[in-house]
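A.B. asks: First the structure, then my questions, so here it is.
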Amino acid sequence: MSFTKEQIIESLKKVLYFPKGTNVVDLDMVDRLEIEGNKVSLALIYPQANDKNAHIVKDAAERTLKSDLGEGAEISIDTLSEQEAGRGPLGKVKNIIAIASGKGGVGKSTVASNLAIALAKTGAKVGLLDADIYGPSMPIMFGLNGERPGAKEENGKTKIIPIEKYGIKMLSIGFFIEANKALMWRGSMASNALGQLFNDAIWGELDYMVLDLPPGTGDIHLTLVQGFPVTGAIIVTTPQNVALADVRKAADMFKNDSIKVPLLGFIENMSYFSPEDAPEKKYHIFGQGGGQLVANELNSELLGSIPIVEAIAETGDSGVPIALDDTTASAAIFKGIAEKVISNVNKRNIELEATRIVQIDPNANCSTD
Ligand SMILES: Nc1ncnc2c1ncn2[C@@H]1O[C@H](COP(=O)(O)OP(=O)(O)OP(=O)(O)O)[C@@H](O)[C@H]1O
Ligand SMILES: [Mg+2]
């Protein structure tokens, strides 16, 4: 038994992607079609990761193909987001890393800016998206306060050009709103604006996009993490924050069934006080071991501990993050964290690829039929 591509495409034209009221072929959602004897494998590409309708449409496609090709056909269908398939505005963005926390003020933005710089120093292409609608801080931390990104027409659409500084492509919600107005935004306005920063910007090729999230675990986070193809999340905590409940809430948010974003690990910030000129001295002002404890409890990893260093705050305020200065002990700590992040992202991608290979193994599919 053998099938032709035309036969399969004709059959798939009967399958509707109902949010758009058109069939999956006309919407150009069918990709990677391969036929080998009676084995047919293909991928359905969805505009966004975690598309709620993905399974329904996939099941419909399977049923339709079986009915048209006969029970002897072995069908295997993979589902991918546009980003995973290398399409769409984020198609060339390989990994999106969200920086989150249960509580505010623990150092998310400090970590996001310095991690972005440390990643870029490894030679990677890095972007930074400040999604903190409550209090965007990247314009200050990158010394770009008052700047406005440029725009460019592309295929009849106006696209935003991220600002480049320190070798990093950066956009912040702070470039588009007046200071202190952000808090008044309703959830839908905020997620629309963020959607534009993701999808209507020319990000180009990036190995890592670091996403600085607003503090907490509200609805806005769900919308954000659900709507965008986040590779993994890092949770920032402080030792005294080990009223574990907040941290656990943040971790649970990413584990949520409709999100399923893997945790890349925890970072303990403000771990101890260390004079920049005497980094061997460690004063554990807020207690010790909290970050490690949370990481163990939640089956994750502590990626690093960052001390309280005056220069970290000063350099953040003056727009020249400390990770830029290789002579500092703090830059070395961020370098170590970046290396662990890269290693965990790679591990996660290998695991993901392995599950995908199992999914498209026709024999694996056969046994469940
Ligand atoms: N390791 C550190 N040593 C010294 N100061 C720090 C350190 N980490 C953060 N800070 C300072 O603490 C303040 C809060 O940090 P930051 O803005 O990064 O936190 P955040 O979690 O992003 O806050 P928010 O929840 O408001 O977004 C800043 O003034 C920052 O400079
Ligand atoms: Mg912040």
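The values are calculated or read from the model by the stated rules, or taken from the named source; none is laboratory data. Note that the structure is predicted; figures quoted are calculated from it, not measured. No Cβ is skipped: glycine too gets one built from the backbone with ideal geometry, and neighbour counts run over all protein chains shown. Calculation scope for accessible area: heavy atoms of the full protein, side chains included, ligands and nucleic acids excluded. Shrake-Rupley method; radii C 1.70, N 1.55, O 1.52, S 1.80 Å.
A.B. asks: May I ask you to list pairs of residues, at least six apart or on different chains, whose Cβ atoms are under 6 Å apart, with the first in segment 312-328 being assigned by TED's automatic domain parsing to the domain that holds residue 165 and outside any loop (DSSP other than H, G, I, E, B) and the second being hydrophobic (A, V, I, L, M, F, W, C) and modelled with pLDDT under 95?
C.D. replies: Qualifying pairs under 6 Å: 322/311.
A.B. asks: Further question on the same structure: Looking at 146, 104, 135, which one is more than 16 Å from ligand 1 (Cβ to nearest atom) and outside any helix (DSSP H, G or I)?
C.D. replies: Being more than 16 Å from ligand 1 (Cβ to nearest atom) and outside any helix (DSSP H, G or I) holds for just one of 146, 104, 135, which is 146.
A.B. asks: Could you list, in sequence order, the residues of segment 214-233 that are open to solvent by less than 40 Å² (accessible area, probe 1.4 Å) and either more than 16 Å from ligand 1 (Cβ to nearest atom) or aliphatic (A, V, I, L, M) (or both)?
C.D. replies: Residues satisfying the conditions are 220, 224, 225, 227, 228, 229, 230, 231, 232, 233.
A.B. asks: Would you check which residues across segment 273-300 are assigned to a loop (DSSP other than H, G, I, E, B), among the small types (Gly, Ala, Ser) and farther than 17 Å from residue 330 by Cα and list them?
C.D. replies: Result: 287, 289, 300.
A.B. asks: Which residues, counting only those in segment 83-101, are more than 9 Å from ligand 1 (Cβ to nearest atom), part of a loop (DSSP other than H, G, I, E, B) and not basic (Lys, Arg)?
C.D. replies: Answer for segment 83-101, where residues must be more than 9 Å from ligand 1 (Cβ to nearest atom), part of a loop (DSSP other than H, G, I, E, B) and not basic (Lys, Arg): 83, 84, 85, 86, 88, 89, 90, 91.
A.B. asks: Return the residues of segment 247-267 that are open to solvent by less than 10 Å² (accessible area, probe 1.4 Å) and within 12 Å of residue 294 (Cα to Cα); say none if nothing qualifies.
C.D. replies: Listed by number, the residues that qualify are 247, 250, 251, 265, 266, 267.
A.B. asks: Within segment 107-131, track down each residue that is within 18 Å of residue 200 (Cα to Cα) and within 16 Å of ligand 1 (Cβ to nearest atom).
C.D. replies: Once the filter is applied, which keeps residues that are within 18 Å of residue 200 (Cα to Cα) and within 16 Å of ligand 1 (Cβ to nearest atom), segment 107-131 yields 128, 129, 130, 131.
A.B. asks: How many of the residues making up segment 122-135 are touching a Pro at 6+ places or on another chain (Cβ under 9 Å) and open to solvent by 40 Å² or more (accessible area, probe 1.4 Å)?
C.D. replies: Qualifying residue count, segment 122-135: 1.
A.B. asks: Looking for whichever is more than 17 Å from residue 109 (Cβ to Cβ), among the acidic types (Asp, Glu) and in contact (Cβ under 8 Å) with a residue 24 or more places away in the chain here; the options are 280, 297. Which one fits?
C.D. replies: Matching residue, one of 280, 297: 297.
A.B. asks: Whether any residue in segment 22-40 is touching an Asp or Glu at 6+ places or on another chain (Cβ under 9 Å) and open to solvent by less than 30 Å² (accessible area, probe 1.4 Å) is what I want to check.
C.D. replies: yes
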